[in-house]
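Report on one structure; see the data block that follows.
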Amino acid sequence: MAAVQSSPSSPTQSRTKKGPLVTEPPKFDIESYVQNYKGRTRYERLLLIGTSSSFLGVEALKAAVVEAKAGKDTRRYVEACNHLQAVAPQEPEAVRDQAWVDTVGKQNLAETARLEAELKGYKNNLIKESIRMGNEDLGKHYQAIGDLPKAFEAFSRMRQDVSIPKHIVDVSMHLIEVAIEQRNWISVVSNVQKIRGIQSVVEDDKSIQQYIAAADGLANMDMGNYHTAALHFLSTEAGMGSSCNSIISPNDVAIYGGLCALASMERSDLHKRVLENSNFRTYLELEPHIRRAITFFVNSRYSACLSILEAYRADYLLDIHLQDHVDELYYMVRSKSIVQYFIPFSCVTLDSLNAAFAAPGKTIDKELGQMIARKELIARIDTQNRLLTSVPSAARSTLQATALKTAREYEREARRRIQHMNIVGAELDIRAGKNPGALDELLDGGILGSSQRAKAGGYQ
Amino acid sequence: MDDLLPKLLAFPPHPPPQTPLSDFQYDEGIRNQISTVGKIPEKNLLPQTSGGENALDVINPAINTVPYIYILLAHINAAQKGNKGVNWDTLWAKIANFLETFDGRQIRYLGKEFTQIIETAVTLARSNNQSILAIGPIRTALLRLDPSGSILTSTHLHLVELALEARDYETVLPVIDKFIYHFPGATNQPRPKFLCELGLSPTAYITPESKLTAKLNHQDVLEYFMYSGMVYIGLRKWESALECLENAITYPAKDVSKIMVEAYKKWILVGLLLEGKPLNLPKSTSSSVAKSYHVVAKPYETVAQIFETGTASRLKAEVEAGQKIWQGDCNMGLMLSVLSAYQKFQIRNLADIYSKISIPEVNNLTMSAETGGKLQSPALAEQLVQSMISEGSLNATLSHPPNGPAILTFGLGAPIMTEDQMQKELQASKQRIQFLTQEIKTTDRLLTYDKEYVKYMQKLKKNAKNGVTDQGISGPDMDWNPIEDEDIMAGVF
């Protein structure tokens, strides 16, 4: 758990490492954006925007300070204040309210002690249900004051006293929420599996299906499994509303699902699974530009698709989950577009590719070269006639070459194994323990003996 | 001398009898002759014949190997004692001639004498700083002794050492091209009935007991692999070099030997020269040894990494920084080859991306690791490309349009073989594998003679009697299967 905590558990830490600075104005409004969420994720998102965007920075940080002060997590408050002080020291919110920090700190301690004591009492009475609820309260408290590892522990302890399936779902949902904040995707996935295991609950309750589909999608996206992530987002039942807004909003489902699908699926799949998917359509309606982008891609109008995506890059760079993946996803969409564009041709002029994909005044020669080097594009460039030509496949000679290679490898391996058996048979193998210091001697640099060295030197 | 001659030439019968001697007769005959000739005092073997000829000129070593070798040894001993009647120069000619013509069947009985002659040839050549002269005769002798060349002898070791000293690599190729399957001193060898049996496997007569080879230890074997690898390196035959070095680095071992580490270092560099990237260790490398390799040969692995993904200037800097290491390991020459190969690989990789490209562009896209920068002029780049095309390492053509720079057109992938070539290759491969299968069967059979295996089988039998069922490997007739064999050997390692 400590390891998870030390890795970027809070967005600040990850930002100090890389943190893209977004200078373009995003298309959304902070107020309405944050309205989509509830709980601790609101602050996280505000802080991320505050520290990444040069346009909304101050506004977002101010909102973050207010948000933090409304909660019980003093560490967050101090953090937001510090950031705001750095950017806009003259703002009234930038002055730290030390008195508040102290009081809340004390209150938190007292509350912790109270809840611990209560839990102890329940344990003594051996009432399962009370112990479970005691743990839940304690977990919620720890979560609220920002002590995530302890919150995780407390919620995990609830599991010992579950009595009905609903409880298991509760435990897992708490854990998922904490784990998402900790960015501990492995435990998100494992808890999702646990909920999935309880068939009856998932089938009955649509909101749980939405919750786990979204959580699974998030986890997979953050781990870079875009295709799996897309499938999860696409399977989300319609009508999420605000039921999952402590982790994700319906708009996010549309954006994440759409982008992941765009980056990882073939055209026919996109058409069938995304555009014709009645559940997902309701989400796409919230973000019409994503639907437009996908439609353009399906209709082979790649440059239109790319330009839509490009227009929203700033927005996505300010999204807490998408930030690290925007470049990768965009790159995948782009290279897929180029590959798709090239498929029907055996030969394309570089100029037409430039017209379709390159920014004005730039060329994509270099990018094409990289794509070919990565084996994403099976083609070769003719710089003299400025052409991109496809590579004809020679199945027969490839097969023959492979056959010969396999035979050679078998030969080598078999010969060597015979040799080894005969070495051992002649008792010539090097046994252990004869010369325990051998490696140290090697490290000291005295490799071959001096006479052998002289001989070896003869070659030089 | 004259009266001795009939005795000396008593065997093999001359002219050869109508029906060839049976193995039994041959064996008896040659043993008798050896004991007779062996009893003749050396000084009686030295004098000339009545015709004033030297006995060595009269006797044909190809037919009468036994008397010849004794007379030759007598002369050598006399020469070493400083006997005036013997001239080293003529003697050398005799030794060389003998090594190239002796009878492969008779020599099996003359292990001690054979080894003595080889030793003499080696020391004689070395002491005159003429190592190169001994290489040819010894090589031929080895091939006459064992045409299959599949067993390692102490003479092999002498041979590669001489080759490295004299820097004469080509001559030894016929010997080191042969893959070593067997090693003297195998404990599980069945005893042959007669040494003279014609179809006898070399492992039966080349043994420390027959004195045709000395007993080897693991350093000797490793040195042989390493040195033959170095011979190939000298010839720039990277693929063969790689295989020899692989023999050394996969050597069955619990503890790593220094020679193995040295081989590993060279193996990394040769792998770079052959494939342009760090290779994976062969599957049969023992894991504990692999760990030591990674620790000890770190600088080399770093170079390999940079060669694959880094820039020319980084490669150059890395190689310069480690200069002391390479020099200390005697790998500086290889390292320089690696540096000069860098740009060639870059150019070869361009073929995957470009179908046609002008020479100035090639010059812009690739860097020389020797200078850490671009070549000074497109003309130099053109020269390099030309040399690569002519040595066959680049499948491309160069054309000079009337206006503008030279243009390089890459061919598609590897040169495509014609159907005929392909058929031949496949046929050859099939034959080699069939031969291997034969070897595998022999090895498998020999394994059943192994003490450990016999013990194991006994235990199984006992268990079966006591009602414990056989788990895992079944009876002695099992088919060869690498995995199962590995299991058997696991206990022995």
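Quick one: would you say B:THR153 is open to solvent by 30 Å² or more (accessible area, probe 1.4 Å), modelled with pLDDT of 90 or more and under 30 Å from A:ARG408 (Cα atoms)? The answer is no for B:THR153.
Within the span defined as segment A:431-453, every residue fails to be open to solvent by 60 Å² or more (accessible area, probe 1.4 Å), under 30 Å from B:THR207 (Cα atoms), modelled with pLDDT of 85 or more and part of a helix (DSSP H, G or I). Checking the condition crowded, with 17+ Cβ neighbours inside 10 Å, away from chain A (no Cβ under 14 Å) and at pLDDT 90 or above, which residue from B:ALA312, B:ALA304 passes? When all the criteria are applied, what remains is B:ALA304.
Taken as a whole, segment A:271-292 holds at least one residue that is β-branched (Val, Ile, Thr), modelled with pLDDT of 85 or more, part of a helix (DSSP H, G or I) and under 30 Å from A:THR41 (Cα atoms). With respect to the conditions (1) among the charged types (D, E, K, R); (2) within 23 Å of the chain's Cα centre (by Cα); (3) at pLDDT below 90, B:LYS291 falls short on a single one, namely (2). Note on segment B:170-283: enclosed helices (runs of 4 or more DSSP H) holding 3 or more residues that are away from chain A (no Cβ under 13 Å), open to solvent by less than 20 Å² (accessible area, probe 1.4 Å) and at pLDDT 85 or above are B:173-176, B:258-275. With the requirement that a residue be in a helix (DSSP H, G or I) and open to solvent by 50 Å² or more (accessible area, probe 1.4 Å), what does segment B:39-79 give you? Within segment B:39-79, B:LYS39, B:GLU42, B:LYS43, B:ASN44, B:ASP57, B:VAL58 qualify.
Residues in segment A:349-377 that are within 21 Å of A:ARG301 (Cα to Cα), surrounded by fewer than 18 Cβ atoms within 10 Å (Cβ to Cβ) and within 13 Å of another protein chain (Cβ to nearest Cβ): A:ASP365, A:GLU376. Report whether or not A:MET221 is part of a helix (DSSP H, G or I) and touching a residue at least 40 places away in the same chain (Cβ under 8 Å). Taking the combined requirement at face value, the residue satisfies it. The set of residues from segment B:80-118 being open to solvent by 60 Å² or more (accessible area, probe 1.4 Å) and under 21 Å from B:PRO202 (Cα atoms) comprises B:GLU100, B:LYS112, B:GLN116.
Number of residues in segment A:30-51 that are under 15 Å from A:SER249 (Cβ atoms), of a type outside the set (A, V, I, L, M, F, W, C) and part of a helix (DSSP H, G or I): the value is 9.
For segment A:22-61, residues that are loosely packed, with under 15 Cβ neighbours inside 10 Å and under 20 Å from the mean Cα position of the chain (by Cα) total 0. Considering segment B:404-424, and only residues there that are of a type in the set (A, V, I, L, M) and farther than 18 Å from B:GLN386 by Cα, the residue that is modelled with the highest pLDDT turns out to be B:MET422.
Please determine whether any residue of segment B:353-369 is surrounded by fewer than 20 Cβ atoms within 10 Å (Cβ to Cβ) and under 29 Å from B:TYR227 (Cβ atoms). For segment B:353-369, residues surrounded by fewer than 20 Cβ atoms within 10 Å (Cβ to Cβ) and under 29 Å from B:TYR227 (Cβ atoms): absent. Among the candidates B:ILE71, B:ILE95, the residue that is more than 24 Å from B:PRO15 (Cα to Cα) and either β-branched (Val, Ile, Thr) or under 29 Å from the mean Cα position of the chain (by Cα) (or both) is uniquely B:ILE95. All conditions but one from (1) under 25 Å from the mean Cα position of the chain (by Cα); (2) modelled with pLDDT under 85; (3) open to solvent by 40 Å² or more (accessible area, probe 1.4 Å) apply to B:ASP444; the one that does not is (3).
Taken over segment A:378-394, the criterion of being more than 9 Å from every other protein chain (Cβ to nearest Cβ), at pLDDT 80 or above and open to solvent by 60 Å² or more (accessible area, probe 1.4 Å) is satisfied by A:ILE378, A:ARG386. Reported count of residues in segment B:238-280, each being among the basic types (Lys, Arg) and either without any contact (Cβ under 8 Å) to a residue 12 or more places away in the chain or in contact with a Pro (Cβ under 8 Å, 6 or more places away or on another chain) (or both), is 1. Number of residues in segment A:251-302 that are among the small types (Gly, Ala, Ser) and either open to solvent by 70 Å² or more (accessible area, probe 1.4 Å) or touching a Ser or Thr at 6+ places or on another chain (Cβ under 8 Å) (or both) equals 3.
Can you tell me which residue in segment B:420-437 is most open to solvent (accessible area, probe 1.4 Å), limited to those that are more than 9 Å from chain A (Cβ to nearest Cβ) and of a type outside the set (A, V, I, L, M)? Among them, the one singled out is B:LYS424.
Considering only residues that are aliphatic (A, V, I, L, M) and at positive phi, which ones fall in segment A:35-73? If the condition is that a residue be aliphatic (A, V, I, L, M) and at positive phi, then no residue fits.
The single condition from (1) within 22 Å of the chain's Cα centre (by Cα); (2) within 23 Å of A:VAL192 (Cα to Cα); (3) part of a helix (DSSP H, G or I); (4) not acidic (Asp, Glu) that A:THR236 fails is (3). Restricting attention to segment B:379-410, the residues being buried (at least 17 other Cβ atoms within 10 Å of the Cβ), more than 14 Å from chain A (Cβ to nearest Cβ) and touching a residue at least 24 places away in the same chain (Cβ under 8 Å) number 5.
The values are calculated or read from the model by the stated rules, or taken from the named source; none is laboratory data. If you're wondering where the values come from, they're calculated on a predicted model, not measured in any experiment. Note that each Cβ is placed from the backbone with ideal geometry, even for glycine, and that neighbours are counted across all protein chains shown. We work out accessible area using only protein heavy atoms, side chains counted, and drop any ligands, DNA or RNA first. Shrake-Rupley method; radii C 1.70, N 1.55, O 1.52, S 1.80 Å.
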